[in-house]
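Nothing in this text is a laboratory measurement; each read-out follows from the coordinates by a stated rule. Please read these numbers as outputs of a predicted model, since none were measured by experiment. Note that we place each Cβ from the backbone using ideal geometry, even for glycine, and neighbour counts take in every protein chain shown.
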Amino acid sequence: MNCHWCLKRTSFYQILYDSARKKSTNKGGALQKLVWKLPDERNATAQPIFVKDPKKLKISDVNSPEKFSDAFMKMSSEIEKAPLFAFDCEMTSNSAKIRLIQVATLVGASYVFDVRRMTNDQISMLAKFFDDPAFRKFGSGCSYDVSLLNETLDFKVNNFFEIAIFLSIVLSRNDFDRFMGNKTGLKSLCQNLMGYDFQKLHWSSYQLFDEDEIPQKLIQYSALDVLTLIDLFLNLYFYHHKMEPLPVENITKNTSMFAKFTPDLFKVNKETQFSSLFSNFKYKVNGK
């Protein structure tokens, strides 16, 4: 996929998304859950999936060159089967360098790569998944992460999207106003869409990313951080397809199906006037 085309398309959706935010009424705050109608008129409700029990998180803490090979092979297998993943980065306290790169796959596994403990060849191997347009990737407020990956680690990140923009494309206008509104940070999305009280890291804790050995509690936090993106994505899939959220075992058996759900499926309805898009999200799927 042409990267320039990707950026142009993303810019268009960003304009649409920013305008909708200005008109929204939801101010955020209390926990709530996205609700949608099933074909039989029952209600379905968004819910935490993989992050429901932090004690059961599947984390690969790659903090030495020796640990890289097994974790990378496992991650590669999961992404090649279902070519979509969530990503995030944790920076040093001055935000100038990346310390951790986190990847979460559709089987609910988190991989936390400590850049300082990786060889140049290993960083290049990881970069291939970010650079290859065949693998879709997404994040939350990820533009700065992408710029640092490209500028400081020689990545060429391609074919990525912002989860909040995807949410604004898929949600109906009423649901956008009610459940999302002008609160688009990851913590707010978790609270307002799936009733999950995700506690973001306090700014004072970021100095711990400068330490030679990162405390295990920050590794846990970083793994959970990126996995919330997978849960948001899956709930959006269920919402769009008017399905009950599936149990974990069914999700992990059908990852290739979920990986096909991307912003590329959605086209702005050509019959809708551009000016009306800001007051009513009307999209066609696959041009139908």
Where nothing but the Cβ of Lys and Arg (+1) and of Asp and Glu (-1) is charged, how large is the charge dipole of segment 45-152 around its Cα centre, in debye to the nearest 20?
320
At 10 °C and 1.306 mPa s, grab the translational diffusion coefficient of segment 136-206 from Stokes-Einstein with a Kirkwood Rh over Cα pairs, rounded to a whole number in µm² per second.
115
Lysine pair number, Cα distance threshold 22 Å (strictly under), segment 124-253, separation 8 or more or different chains
11
For segment 92-147, what log10 I(q)/I(0) values come out of the Debye formula at q = 0.19, 0.29, 0.31 1/Å, with one point per alpha carbon and no solvent?
-0.82, -1.49, -1.45
Can you list which of the trypsin sites (Lys or Arg not before Pro) found in segment 98-171 are DSSP loop residues with at most 14 other C-beta atoms within 10 Å?
156
Hits among aspartates and glutamates - C-alpha to C-alpha of residue 74 under 14 Å, sequence gap 8 or more where chains match
61
DSSP-loop GluC sites (Glu not before Pro) across segment 159-242, with at most 13 other Cβ within 10 angstrom:
211, 213
